Amino acid sequence: MLRRLPYSESWENRKEIEKHIKEPLDMDVIWKIEHNEIVEITTPVLITQHDGKYRLCGDFKSLNHYTKADRYLVPRIPHALDKLAKAKYKTKMDCMKGFHPNGVKPNSMKLLRIICHMGIDEYTRMPFGMTNAPAHIKRMMNTTFKEEILEG
């Protein structure tokens, strides 16, 4: 990662970025950095979700390149659907905010800085865009719901 200028964004995307920066700021998921004394900094990227809404991710490709991948296996879909077919009740959980409850070690926060037209922000909680974040969330859910998963 290098020190870089923010991407040039359309006015529509700027408004979305502002919205997606304000919410985590209010929740202490990120905080403002007045002076970036180090070179690690990246840009945010708006990802369009299946429902047409946006999700803000950090473009952490450079950092992910140096990260040892956690290859946590996800169950096969047909196996999961077979278990669901026998269920009396079914429910669904939205894990979109599942990343943010997970803290980041203080010495890692400096690697999780993003820059946009609003300035520089640093993640204090797990951001979207990290290569091992989905594996971490899946492992956490399997641990939390171990009994329910075993019962089917």
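The values are calculated or read from the model by the stated rules, or taken from the named source; none is laboratory data. For clarity, every value in this text was computed on a predicted model and none was experimentally measured. Every residue, glycine as well, gets a Cβ built from its backbone with ideal geometry; the counts of neighbours run over all protein chains shown.
Here's the yes/no breakdown for (1) of a type in the set (A, V, I, L, M, F, W, C); (2) surrounded by fewer than 16 Cβ atoms within 10 Å (Cβ to Cβ):
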position: 80; (1), (2): yes, yes
position: 93; (1), (2): yes, yes
position: 108; (1), (2): no, yes
position: 111; (1), (2): yes, no
position: 123; (1), (2): no, no
position: 133; (1), (2): yes, no
position: 140; (1), (2): yes, yes
position: 143; (1), (2): no, yes
position: 149; (1), (2): yes, yes
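Residue count for region 121-152, restricted to those that are modelled with pLDDT of 90 or more and either among the charged types (D, E, K, R) or more than 20 Å from residue 54 (Cα to Cα) (or both): 5.
Any idea which residue in region 33-92 is modelled with the highest pLDDT, counting only those that are assigned to a helix (DSSP H, G or I), farther than 25 Å from residue 149 by Cβ and more than 15 Å from the chain's Cα centre (by Cα)? Only one residue fits best here, namely 65.
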